[in-house]
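The values are calculated or read from the model by the stated rules, or taken from the named source; none is laboratory data. Values in this document were obtained by computation on a predicted structure and should not be read as measured data. All Cβ positions, even for glycine, are placed from backbone atoms using ideal geometry, and neighbour counts span all protein chains on display. Just so you know, the surface numbers come from the protein's heavy atoms only, side chains and all, with ligands and any DNA or RNA stripped out. Shrake-Rupley method; radii C 1.70, N 1.55, O 1.52, S 1.80 Å.
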Amino acid sequence: MSSQSAPATRQAGQSSLAYNLAGIAVLVLLLAVGAAYLIDELGRTSRVPAPSLDDSEPITQTISGRELSIPTHWFRYGEQIRNGFTNQIDLRILYAPEGVETPLPMDITLLPRSRARASSRLLDGVYLHQFADQTLSGVPGLVGKPMLSTNGYAGESVWYDALSPDPFVAKCVDPVSVGGQAQCVRTVYLPSGIAAIYTFDAEALQSWRQFDTEMERWLSHIGAW
């Protein structure tokens with residue numbers, strides 16, 4: 001009885017092995033296809049042209065009664081690329097002031113003025129009452145103040161020009177991961193009456209004196225300034 005069952009056992013084992021090997025082969029094939037798809041998608045992403053002042057193919061959007069002509073390459077989100085009225089426009093440009101070798105990405109959200117509060121107004125009305133005692137350094141011309149961690153502002157700081165009646169003010173948050181870059185937010189009212197929220201790497205603070213000049217170059221191009 002045992003001599004007859006041994007070949008059957010070996011055959012069953014071989015069939016099981018073949019089945020497992022086939023399964024592994026299918027899994028490897030799926031992983032290879034997935035990797036190829038990922039590489040292709042990354043390649044497509046890398047081929048997306050960077051935003052430029054020379055961009056064409058604009059669409060027309062109206063916000064706060066102001067008609068803007070915006071190149072499609074400037075939009076952060078594809079679903080916003082359509083003509084018509086809107087109450088929010090999310091853009092991404094490259095901040096490249098004089099003396100900066102590598103342009104920095106800058107996210108800009110355009111809103112009706114009633115939906116945003118300028119950072120310069122928040123300085124006196126909110127931020128000053130939340131400052132810790134110490135003063136930060138590292139950005140020539142700006143005063144850096146950490147905010148009180150006990151009030152829920154751990155890792156946040158405010159950088160501002162203490163000498164201007166309408167100061168440059170940016171609120172920054174420490175990086176969430178090791179090796180990351182602190183992120184800053186600044187909200188302003190543009191001469192057109194539209195509010196602009198700028199989100200950028202803290203590295204851009206080093207050229208803060210050129211900030212508005214650079215933003216005017218880009219936003220005037222689309223009629224937002």
Within the range 43-55, can you find the residues that are in a loop (DSSP other than H, G, I, E, B) and either open to solvent by 90 Å² or more (accessible area, probe 1.4 Å) or at pLDDT 85 or above (or both)?
47, 48, 50, 51, 52, 53, 54, 55
Kindly indicate which of 181, 206 is part of a loop (DSSP other than H, G, I, E, B) and either in contact (Cβ under 8 Å) with a residue 12 or more places away in the chain or of a type outside the set (Asp, Glu) (or both).
181
Look through the range 74-92, keep the residues that are open to solvent by less than 60 Å² (accessible area, probe 1.4 Å) and not in a strand (DSSP E or B), and return whichever of them is farthest from residue 51 (Cα to Cα).
86
Among the residues of the range 142-180, which ones are out of contact with any Lys or Arg (no Cβ under 7 Å at 6 or more places or on another chain) and of a type in the set (Gly, Ala, Ser)?
144, 149, 152, 154, 155, 162, 164, 177, 179, 180
Return the residues of the range 123-155 that are of a type in the set (A, V, I, L, M), in contact with a Leu (Cβ under 9 Å, 6 or more places away or on another chain) and either touching a residue at least 60 places away in the same chain (Cβ under 8 Å) or crowded, with 16+ Cβ neighbours inside 10 Å (or both); say none if nothing qualifies.
139, 142, 143
With the condition kept exactly as written, say whether any residue in the range 108-116 is exposed (fewer than 15 other Cβ atoms within 10 Å of the Cβ), over 14 Å from residue 188 (Cα atoms) and among the basic types (Lys, Arg).
no
So residue 175 clears everything in (1) more than 26 Å from residue 68 (Cβ to Cβ); (2) free of Cβ contacts under 8 Å to residues at least 12 places away in the same chain; (3) assigned to a helix (DSSP H, G or I) except one condition, right? Which one?
(3)
I'm checking my understanding of the structure. Among residues of the range 175-202 that are at pLDDT below 95 and open to solvent by 40 Å² or more (accessible area, probe 1.4 Å), which one is nearest to residue 146 (Cα to Cα)?
175
Which of the residues spanning the range 152-165 are in a loop (DSSP other than H, G, I, E, B) and either polar (S, T, N, Q) or under 21 Å from residue 130 (Cβ atoms) (or both)?
152, 153, 154, 155, 161, 162, 164
Set 114, 56: member being in contact with a Pro (Cβ under 7 Å, 6 or more places away or on another chain) and among the small types (Gly, Ala, Ser):
56
